[in-house]
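Peer 1: Please find one structure pasted underneath; my questions will follow.
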Amino acid sequence: MGPLGFSHHRLWLLLLDPDGCVVPHVVQIDEIPHRTDTADCLPLLEMAGHVVPDGGSLAILLSRGGSNAMATDDRSWARGLTEAGVRQGIRMWPVHFANDVELRVFAPDDLIG
């Protein structure tokens, strides 16, 4: 992925096999909207459900430029992705967030609407 510093909103999807080993390909989705909801995330997680190895899991990072702290729009992504993953029955790691100065996990409190 490289050092922190991003020019636009992007999702990074990482597939892991049942043993937790990373599948070699990282999927990047560029120029995503600033805000989302579960309904908008469902098609993405449905597609991911077809490529996550049997018994495997999915890790997702939301990145965006700037040094502003995690915001409501960022939390909408974590909430939408997490809820869509549950609906699709996908084992997921907690969604992570990165901007130009920090990399952190969305905590359970961040997922409260």
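Read-outs throughout are calculated quantities, based only on the coordinates presented, and are distinct from any laboratory measurement. On a predicted model such as this, the values are computed, not experimentally measured, just so you know.
Peer 1: Considering Cα pairs under 8 angstrom that are at least six residues apart, work out the relative contact order of the chain and quote it in whole percent. Can you show the working numbers first?
Peer 2: On the way: 222 pairs, mean separation 35.7, N = 113.
The value is 32 percent.
Peer 1: Something else about it: Over the Cα atoms of the stretch 3-113, Rg to Rh with Kirkwood Rh, two decimal places?
Peer 2: Working: Rg = 13.3 Å, Rh = 14.0 Å.
Reported Rg/Rh (Cα atoms, Kirkwood Rh): 0.94.
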